[in-house]
Amino acid sequence: MSVPSDSQRMEKIVSLCKRRGFIFQSSEIYGGLNGLWDYGPLGVELKRNLKNYWWRVMVHERDDVVGMDGSILMNRAVWKASGHEDTFTDPMVDCRSCKARLRADQIVEKKGAKQCPVCGGKDLTEPRSFNLMFKTYVGATEDESSVTYLRPETAQAIFAQFKNVLDVSRKKLPFGIAQIGKAFRNEINPRNFTFRSREFEQMELEYFCRAEEGIKLLEYWKEERLKFYGNIGIARDKLHVLTVPDEERAFYSKGTYDIEYDFPFGRQELEGVAYRTDYDLSQHQKASGKSLEYFDEETKQKFLPHVVEPSAGVDRTVLALICEAYSEDQAPDEKGKMETRVVLRFHPRLAPIKCGVFPLLKNNEQLVAKAKQIADLLRPHMFVFYDEGGAIGRRYRRQDEIGTPFGITVDFETLGEKDSALCDTVTVRERDSMKQERVAIKDLANLLVAQIS
Ligand code: GAP
């Protein structure tokens with residue numbers, strides 16, 4: 001079997017995502033809108049499983065983190081104070097020949113001359129700053145007094161609410177505030193499927209600490225986040241930690257790591273882990289005139305905490321999960337002839353559907369009734385898909401292709417027709433090995449729950 005090239009692999013992934021209902025182009029029936037995507041029935045499950053697992057690990061399993069859910073629109077003053085209104089920009093260049101709008105870092109240089117990567121033209125404008133925030137108006141009047149922006153990151157709501165959350169949660173340093181939510185950036189060139197989108201979701205933690213703990217906690221969170229990616233099934237050798245060099249780091253950051261993944265289109269950032277010092281809180285304290293200081297009861301001192309921020313992209317991680325899971329192998333068809341099998345090898349914890357339940361034959365009332373009973377038995381514990389259509393091998397393949405880790409088949413043994421010892425047992429097929437074992441129906445829920453949680 002020939003191994004597909006990286007670009008062929010990416011094409012196959014994009015096409016599978018559409019064909020099986022993971023990801024569709026937004027507003028597709030109207031020709032789409034660049035950089036915007038919709039998640040279909042399977043994509044939404046995968047995304048939810050990822051967000052739920054992040055929340056479980058980052059909030060519920062810890063004693064030192066609480067959550068919040070901020071609004072997408074905030075007072076414009078937030079974006080002035082954070083620096084986004086003045087500096088959240090990308091340098092943009094126009095090609096006068098083909099009218100392409102390009103990010104300055106996409107301009108290619110050949111024999112010392114700058115060229116448009118689209119048409120090869122050399123007639124380019126000088127780079128100028130383009131603010132990535134989407135501007136909007138709040139209320140009925142569209143003038144300067146009603147301007148604000150769709151948030152370009154979730155983090156600022158956490159800083160703006162720091163004092164309220166501190167007061168109600170009564171946490172002692174170090175402690176964190178976590179949030180998952182939408183962010184919007186008017187990217188000049190959205191590309192690589194969902195990788196660079198104009199609307200996306202972030203999973204961010206702001207972990208507040210004393211200044212002297214900052215560097216140590218930066219290391220700690222980098223390691224925790226690497227563990228997280230391992231626990232969702234991303235191979236360690238495809239993850240890389242880039243130490244962002246001084247000249248590329250925000251001026252207030254004392255250290256930033258990018259966690260990168262080897263996508264088929266190249267090594268790209270999944271998450272940033274940044275030590276942002278007390279910059280954000282001090283900016284908001286200054287601009288709002290409200291104290292955001294922390295009072296240390298032991299030393300009786302007041303000070304602004306520093307912060308370490310692991311900031312991950314939901315959509316990029318979903319894309320990494322799909323790229324990591326996509327595989328092709330050889331498996332026998334109904335007649336024993338080898339054929340190519342497409343399998344999404346998702347970690348069971350992330351898989352959109354946890355198990356398929358199949359009656360061996362759809363025209364046997366007893367098999368069908370038993371299979372439906374089993375599906376109902378499992379539904380309170382997991383997302384189950386009942387399927388009675390087509391040959392059993394085809395039904396397995398359909399589930400393999402969307403990454404369902406377990407297939408449960410109800411056959412004549414289940415009904416006790418062949419061997420009474422096998423009555424009320426089913427076969428459980430594991431997706432990757434395709435191995436089957438017989439399991440008592442009463443043990444099914446426990447067996448599967450242990451593997452998907
Ligand atoms: N609060 C810090 C912050 O927003 P960032 O590096 O600009 O930092 C964090 O963004 C993460 O958000 C990125 O690592 C990436 O996963 C995701 N992200 C940023 N821009 C994105 C885009 N245009 N499309 C999809 N995900 C994006």
message: Return the unpartnered cysteines for the chain, using a Cβ-Cβ cut-off of under 4.7 Å.
response: CYS17, CYS209, CYS323, CYS355, CYS423
message: I need the peptides 261-274, 106-119 ranked by packing, meaning the mean over residues of other C-beta atoms within 10 angstrom, with the highest value on top.
response: 261-274, 106-119
field: Overall Cα dimensions of the range 304-404 - principal axes, largest extent first, Å
entry: 70, 35, 14
- request: Show the residues, 5+ positions off or on another chain, whose built amide H is closer than 5 Å to the amide H of ALA183.
  value: PHE200, GLU201, GLN202
query: For the range 184-239, taking Cα atoms only, what is the radius of gyration to one decimal and the Dmax to the nearest whole Å?
result: 15.5, 41
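So with the 1.4 Å probe, I'd like the accessible area per residue for the chain, rounded to whole Å².
48 Å²
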Percent carbon-and-sulfur accessible area, the range 20-155, ignoring ligands, DNA and RNA, probe 1.4 Å: 50 percent
statement: The answer for THR277, listing residues at least 5 apart or on another chain whose modeled amide H is closer than 5 Å to its amide H, is LYS254, VAL307
- request: At q = 0.14, 0.15, 0.18, 0.19 Å⁻¹, what is the base-10 log of I(q)/I(0) for the range 1-115 according to the Debye formula with one equal point scatterer per Cα and no solvent? Please give it to two decimals.
  value: -1.15, -1.20, -1.17, -1.15
message: Within the range 82-97, list the residues whose amide N lies under 17 Å from a label point set 7 Å along Cα→Cβ of ALA113.
response: 95-97
message: Full-extension gain between LYS216 and PHE24, please, as 0.36 nm times their residue separation minus the C-alpha to C-alpha distance.
response: 64.9 nm
query: Among the listed pairs LYS18/LYS442; LYS51/LYS227; LYS354/LYS435; LYS47/LYS227; LYS47/LYS354, which are separated by more than 26 Å between their Cα atoms?
result: LYS18/LYS442
query: So what is the diffusion coefficient of the range 81-187 in µm² per second by Stokes-Einstein at 4 °C and 1.567 mPa s, using a Kirkwood Rh over Cα pairs?
result: 75 µm²/s
field: DSSP-loop GluC sites (Glu not before Pro) across the range 1-93, with at most 10 other Cβ within 10 angstrom
entry: GLU61
task: Tabulate in residue order the Karplus-calculated ³J(HN,Hα) for the range 417-423, using 6.51 cos²θ - 1.76 cosθ + 1.60 with θ = phi - 60°, rounded to whole Hz; enter x for Gly and Pro.
output: 7, 9, 9, 4, 5, 9, 4
field: the range 176-330: relative contact order as a whole-number percent, Cα under 8 Å and 6+ apart
entry: 28 percent
task: Name the residues whose placed amide hydrogens come within less than 5 Å of the amide hydrogen of LYS362, ignoring near sequence neighbours (fewer than 5 apart) on the same chain.
output: none
statement: re the chain: pairs of Cα atoms spaced beyond 34 Å account for a percent value of 45 percent
- request: Return a whole-number percent for the relative contact order of the chain, with Cα pairs under 8 Å and 6 or more residues apart as the contact set.
  value: 12 percent
query: Can you give the helix-only mean residue ellipticity at 222 nm for the chain, where every DSSP H stretch with n ≥ 4 adds -39500 (n - 2.57) and the sum goes over all residues, rounded to the nearest 500 deg cm²/dmol?
result: -8500 deg cm²/dmol
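Give a quick list of trypsin sites (Lys or Arg not before Pro) in the range 275-317 that DSSP marks as loop, anything other than H, G, I, E or B, with at most 15 other Cβ atoms within 10 Å.
Sites meeting the loop and neighbour criteria: LYS290, LYS300.
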field: Calculated from backbone phi, Karplus (6.51, -1.76, 1.60) coupling profile of the range 188-197 in Hz, x at Gly/Pro
entry: 5, 10, x, 6, 6, 6, 8, 4, 10, 10
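The values are calculated or read from the model by the stated rules, or taken from the named source; none is laboratory data. All values reported here derive from a predicted model rather than from experimental measurement. We place every Cβ from the backbone using ideal geometry, glycine too, and count neighbours over all the protein chains shown. We work out accessible area using only protein heavy atoms, side chains counted, and drop any ligands, DNA or RNA first. Shrake-Rupley method; radii C 1.70, N 1.55, O 1.52, S 1.80 Å.
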